[in-house]
1. Tally time: how many residues in the stretch 122-167 are part of a loop (DSSP other than H, G, I, E, B), out of contact with any Leu (no Cβ under 8 Å at 6 or more places or on another chain) and without any contact (Cβ under 8 Å) to a residue 60 or more places away in the chain?
2. Looking at the stretch 169-191, which of its residues are assigned to a loop (DSSP other than H, G, I, E, B) and closer than 17 Å to Ala225 by Cα?
3. Which ones in the stretch 121-148 are touching a helix residue (DSSP H, G or I) at 6+ places or on another chain (Cβ under 7 Å) and on the phi < 0 side of the Ramachandran plot?
4. Could you list, in sequence order, all residues of the stretch 181-210 that are among the polar types (S, T, N, Q), more than 26 Å from Ile66 (Cβ to Cβ) and either without any contact (Cβ under 8 Å) to a residue 24 or more places away in the chain or surrounded by fewer than 20 Cβ atoms within 10 Å (Cβ to Cβ) (or both)?
5. Do you know which residues across the stretch 103-151 are of a type in the set (Phe, Trp, Tyr) and either crowded, with 20+ Cβ neighbours inside 10 Å or closer than 30 Å to Met279 by Cα (or both)?
6. Do we have Gly45 as more than 20 Å from Phe159 (Cα to Cα) and either buried (at least 16 other Cβ atoms within 10 Å of the Cβ) or touching a residue at least 60 places away in the same chain (Cβ under 8 Å) (or both) here?
7. I'd like to check which strands (runs of 3 or more DSSP E) are fully inside the stretch 1-48 and have at least 2 residues that are over 18 Å from the mean Cα position of the chain (by Cα).
8. Whether any residue in the stretch 56-63 is under 20 Å from the mean Cα position of the chain (by Cα), assigned to a strand (DSSP E or B) and touching a residue at least 60 places away in the same chain (Cβ under 8 Å) is what I want to check.
Amino acid sequence: MTPKVTAFFDEQTFTVSYVAQEPEGTACAIIDSVLDFDHASGRTGTQAADRVIAHVKDHDLTVQWILESHVHADHLSAAPYLQQELGGKIGIGANIVLVQDTFGKVFNEGTEFQRDGSQFDALFSEGDSFHIGQMRGDVLHTPGHTPACLTYVIGDAAFVGDTLFMPDFGTARCDFPGGSSATLFESIQKILALPDETRIYVGHDYKAPGRDEYAWETTVGEQKALNIHIGQGRSIEEFVEMRDARDATLAMPRLILPSLQVNMRAGQMPPADEQGDVMLKIPVNKL
């Protein structure tokens with residue numbers, strides 16, 4: 001099947017969220033949503049998510065899934081807000097438990113923070129499938145950027161999260177805890193093994209040098225031929241050397257500390273304190 005795909009670009013975080021709709025029906029999934037967050041004030045907003053909600057309601061769609069490609073480090077997920085407004089089940093990769101264990105320690109969350117993925121409605125593993133109405137989705141486990149990264153293959157479309165960017169921008173960083181450039185290379189091979197005409201939808205775009213417009217749709221064939229990091233048969237040794245050297249020059253994402261604390265909870269904020277206030281932590285010299 002060929003899903004109808006509508007993209008929503010959030011320029012504040014350079015994130016692309018998607019609504020994937022069955023071609024002959026009203027069932028849909030929302031992939032990689034964004035909750036607005038002002039780092040300076042600590043205030044949240046729903047402008048990005050409300051654009052998605054308006055689209056769903058304007059087209060009388062039924063949300064069956066709210067999918068996360070991974071625990072994002074550069075934006076907060078709006079999954080709970082979307083679920084409240086539209087319904088649907090929240091899904092992520094089963095290796096979320098590894099991410100929760102790692103960052104539960106980083107943020108000193110204590111025993112009350114469950115590290116079993118129970119905050120999510122569904123945990124997906126390699127080879128799992130799900131349905132959006134009459135349309136089937138298949139799960140590829142594509143770690144390397146993080147241990148829990150998934151690619152959702154829905155009909156002739158693959159939603160790759162941060163694993164791949166547009167061909168002129170390359171591939172995901174691998175220097176977060178649990179990341180691995182060698183593992184990312186192997187994960188990308190799974191994606192490139194899909195038919196050349198498979199549409200690839202990326203999780204971010206930053207406008208590569210020389211490109212004037214944001215872009216987020218490419219194909220497997222274009223990635224094979226043109227991706228500046230892995231195209232034209234680059235070897236794993238070449239890729240690892242390039243990726244590790246590049247990652248050593250990158251700063252941490254601006255929203256990594258709030259994003260991880262929220263997203264490992266399926267988009268929920270940490271529990272409020274005795275006064276009813278919600279607090280996010282800033283660990284010093286941990287990352």
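Derivation of every value follows stated rules applied to the coordinates shown; laboratory data play no part. The structure presented is a predicted model; accordingly, all values stated were derived computationally and were not measured. So basically every Cβ, Gly included, is an ideal-geometry build from the backbone, and we count neighbours across all protein chains shown.
1. Quick first cut of the stretch 122-167, residues part of a loop (DSSP other than H, G, I, E, B) only: 125-128, 133-134, 142-149, 155-156, 162-163, 165-167.
Adding the requirement that they be out of contact with any Leu (no Cβ under 8 Å at 6 or more places or on another chain) leaves 125, 127-128, 133-134, 146, 149, 155-156, 162, 165-166.
Checking which are without any contact (Cβ under 8 Å) to a residue 60 or more places away in the chain leaves us with 125, 127-128, 165-166.
Of the residues in the stretch 122-167, 5 are part of a loop (DSSP other than H, G, I, E, B), out of contact with any Leu (no Cβ under 8 Å at 6 or more places or on another chain) and without any contact (Cβ under 8 Å) to a residue 60 or more places away in the chain.
2. Looking only at the stretch 169-191, we keep the residues that are assigned to a loop (DSSP other than H, G, I, E, B), and these are 169-170, 172-180.
The answer is Phe169, Gly170.
3. Result: Leu123, Leu140, Thr142, Pro143, His145, Thr146, Pro147, Ala148.
4. Correct list: Thr183, Gln189.
5. Phe103, Phe107, Phe113, Phe120, Phe124
6. Working: more than 20 Å from Phe159 (Cα to Cα): yes; either buried (at least 16 other Cβ atoms within 10 Å of the Cβ) or touching a residue at least 60 places away in the same chain (Cβ under 8 Å) (or both): no.
Taking the combined requirement at face value, the residue does not satisfy it.
7. Details: elements: 4-10, 15-21, 27-31, 36-38, 43-45.
Hits in the stretch 1-48: 43-45.
8. no
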